[in-house]
Amino acid sequence: MTAPALLCIAGPTASGKSAIARAIAEQWPCEIINVDSATIYRGMDIGTAKPSREERASVHHHLLDILDPLESYSAAAFRRDALERVTQIRARGRLPVLVGGTMLYFKALREGLNDLPTANPEIRKELELCAAAIGWPAMHARLGEVDPITAGRLSPNDSQRIQRALEIWRISGKPMSELLNAPEQTDQPLKTVTLSLEPAQRSHLHQRIALRFDEMLDEGLIKEVEALRARGDLHTDLPSIRCVGYRQLWSMLNGEITPAQAREQAIAATRQLAKRQLTWLRSLPERIAVEADAPAADRQALAIVGQLIDDRTIVG
């Protein structure tokens, strides 16, 4: 028998993914696996729009609050953890629904993972010392000399990914872009069905992004960032603190920008994130697009899921 596909609900930030997932959970016995590189962190609740206690009580959510903000998480770790939970959920006779906006994690599920070298602490430390001396933009320029493809898709200030790409070059002598395109994989691709929530009007999404960030501020996001900052062991080079919203408010608390600038920059960064997410989704050849800002978006999504269950494309 062909293995059933994994049901994925993907979309840009603030597109209504959680609402669609709740509607599905009300209709069928299911459990939600969060596909999000921010909600994995404990103590980061408001700015990541984590499900409320009531939502978690009504349907089981997986891969929330699994790491301290001091820790890092990889696509490989996500794939391992997600598939482990898929097996457990199906064993309970329930439907696993993967919901989120971290497209790299969805890619790891769909396509599998290439055999990249593991981290080398000595090389990483050497790269960090070099970056401290010349800055990450200069390190980005060095990456451009050995791996222009990877450098071309990274920001000059994306320290984590620049460091990883240079580390791979140092260990293997090959560009990361070449290794990613190699046919050998440590994990095999999986069959997925992706419901892609795509707003028809970009302006509508922009309004939702601004409104949601203002609601986060009203709910106490600044105090949440203050608590993280007060720990003393967190900094802006960590993936957790680089999350949209947290990074800008951290700069505000450092006195580098004003509250108005922090709000403006956070909303702008969220819009850019949404744009990248939509670009990735629209490149998927087999996605099922749902007009996220349509009044009947939830009914359309439920009809699609119902058909997928009826024809046994997805099963619990």
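Every number in this text was worked out from the coordinates using simple rules, so none of it is lab data. All figures in this text were calculated on a predicted structure; none of them were measured in a lab. Counting neighbours? That spans all protein chains shown, and the Cβs are built from the backbone with ideal geometry, glycine included.
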Explain nothing, just compute: Karplus ³J(HN,Hα) = 6.51 cos²θ - 1.76 cosθ + 1.60, θ = phi - 60°, for every residue of region 292-308 in order, whole Hz, x for Gly and Pro. 5, 9, 7, x, 9, 4, 5, 5, 5, 4, 5, 5, 5, 5, x, 5, 5
Counting only backbone N atoms under 14 Å from a point 7 Å out along Cα-to-Cβ of E128, the residues of region 33-73 in range are 70-72
Note down the Stokes-Einstein diffusion coefficient of region 99-210 in µm²/s, whole number, using a Kirkwood radius over alpha carbon pairs, 10 °C, and 1.306 mPa s. 97
Euclidean distance of C-alpha centroids, region 233-273 and region 1-30, integer Å: 30
From the P(r) of region 2-52, could you give the percentage of C-alpha pairs in the tail past 12 Å? 71
Rank-order 116-127, 272-283, 42-53 by packing density, defined as the average count of other C-beta atoms within 10 Å over each peptide's residues, highest first. 42-53, 272-283, 116-127
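How long is the gain from R282 to Q188 if the chain were fully straight, where each residue apart is worth 0.36 nm and the alpha carbon distance is subtracted? List each step's numbers first, then the result.
On the way: separation 94, 0.36 × 94 = 33.84 nm, distance 2.31 nm.
Result for the pair: 31.5 nm of gain on full extension.
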List the residues whose amide H sits under 5 Å from the amide H of T192, counting only those 5 or more places along or on another chain, with H placed 1.01 Å from N in the peptide plane. L6
Collect residues whose amide H, placed 1.01 Å from N in the peptide plane, falls under 5 Å from the amide H of I33; neighbours closer than 5 in sequence don't count. H62, V97, L98, V99
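What's the Cα-based Rg to Rh of region 121-180, Rh via Kirkwood? All intermediate terms of the calculation are to be shown ahead of the outcome.
Working: Rg = 10.3 Å, Rh = 11.1 Å.
Using only Cα positions, Rg/Rh for region 121-180 is 0.93.
Can you list, largest first and rounded to whole Å, the semi-axes you get for the chain by taking the square root of 5 times each eigenvalue of its Cα gyration tensor? Please list the in-between numbers first.
Details: eigenvalues 206, 134, 66 Å².
Result for the chain: semi-axes of 32, 26, 18 Å.
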